[in-house]
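Some notes on the structure that comes next.
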Amino acid sequence: MNRCDAKQKAFAQRVYFDLKICRKWSKLHAYFNETDKWIFFIGTPSDDQALIFVLPMPCDKQLTVDDLFNLKSKLSPALPSDMNENISSVLMAIVANDCTIGYFNFTNGLPTITTSEIVQLETVINPTISMIDNEFIDEIKSDISTNKWTTTDTNTTWD
């Protein structure tokens, strides 16, 4: 990995930590594209999902429309010859100088939705609503109107 600049290495490391440690991706492997001098990853959030290209990029990197359209074909030649999985999308991880990461998913055409994703969507559409009684609501309204939010209680915790 000594063939690319230190800034790209640092950004790739931040993306790796975010995906692997914070977002708990099950697989994430690093590769290097000699032509464009890009560090990129192949990974998946869970074992039942398809592999995805992940391309860390600094926010000041300028790409043409052709570059964006051909991301997958530019990254594919850097993969080992025994990797024969069809990788359908590229997740571009744009890293700002303050280390904020924005993710943008690029696919050819519309992505296919798996059964597990449909179940997750149905759960989001029909959320479980907790029941709060009127006494609790009245107490909150009273505290707000009289400005009685106490902070002297030692058992109070703030999120």
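The values are calculated or read from the model by the stated rules, or taken from the named source; none is laboratory data. Since the model is a prediction, treat every value here as computed from it, not as a measurement. All Cβ positions, even for glycine, are placed from backbone atoms using ideal geometry, and neighbour counts span all protein chains on display. The area values use the complete protein model at the heavy-atom level, side chains included, leaving out ligands, DNA and RNA. Shrake-Rupley method; radii C 1.70, N 1.55, O 1.52, S 1.80 Å.
Any residue at all in the range 57-77 that's open to solvent by 50 Å² or more (accessible area, probe 1.4 Å), assigned to a loop (DSSP other than H, G, I, E, B), of a type in the set (Gly, Ala, Ser) and farther than 18 Å from ALA10 by Cα? No - not one qualifying residue is present in the range 57-77.
Within the range 1-31, the set of residues being free of Cβ contacts under 8 Å to residues at least 12 places away in the same chain and aromatic (Phe, Trp, Tyr) comprises PHE17 only.
Of all positions in the range 30-40, at least one carries a residue that is at pLDDT 85 or above and under 22 Å from GLY109 (Cβ atoms).
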